[in-house]
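Every number in this text was worked out from the coordinates using simple rules, so none of it is lab data. As the structure is a computational prediction, the values presented were derived from the model and not from experiment. Cβ atoms come from the backbone with ideal geometry, glycine included; neighbour counts cover every protein chain shown.
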Amino acid sequence: MKTLTIVLLILLAALQYRLWAGHGSLPEVWRLEQIRDGQREENKRLGERNQSLAAEVIDLKEGMEAVEERARSEMGMIAQGETFYQIIEVPHEPAGGQLSP
């Protein structure tokens, strides 16, 4: 009976070691769950970005308004018959007569 108890205690110790320190242990599982959760958040963010880009592509393919808006904002283009006004602010001169940087 004494040898059976010793064998069972050794078996229990081996199982506990594997649970806490071996391959597939609880700390490793917790670490992998954190990595998984982080990856899910990243996938969600990238999925939303992909949906936004897909909507923009569809808008650019189907409508001229999006093309015009992009040409105006990114390239500074104007439509035929429009007048372009550019307002340039002049820096104020201090009392010493020199322009401020």
Interchain or long-range residues, amide H under 5 Å from Ser25's placed H: none
Total charge dipole magnitude, the range 17-91, about the Cα centre, Cβ charges on Lys, Arg, Asp, Glu only, Debye to nearest 20: 660
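Where in the chain are the helices, taken as whole DSSP H runs, whose Cα atoms extend 24 angstrom or more along the long axis and whose Kyte-Doolittle mean reaches at least 0.5? It would help to have the intermediate numbers written out before the result.
Values: long enough: 2-20 (27 Å, 1.47); 26-62 (53 Å, -1.17).
Span-like helices in the chain: 2-20.
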For the range 38-78, the fraction of alpha-carbon pairs in successive 5 Å shells from zero, as %: 6, 22, 17, 17, 14, 10, 9, 5, 1, 0
Reciprocal mean inverse distance between Cα atoms of the range 1-59 - Kirkwood radius, Å: 15.3
Cβ-based exposure ranking for Ile87, Ile10, in which fewest neighbours within 10 Å come first: Ile87, Ile10
Within the chain, helix-based [θ] at 222 nm, where runs of 4 or more DSSP H residues each add -39,500 (n - 2.57), nearest 500: -23500 deg cm²/dmol
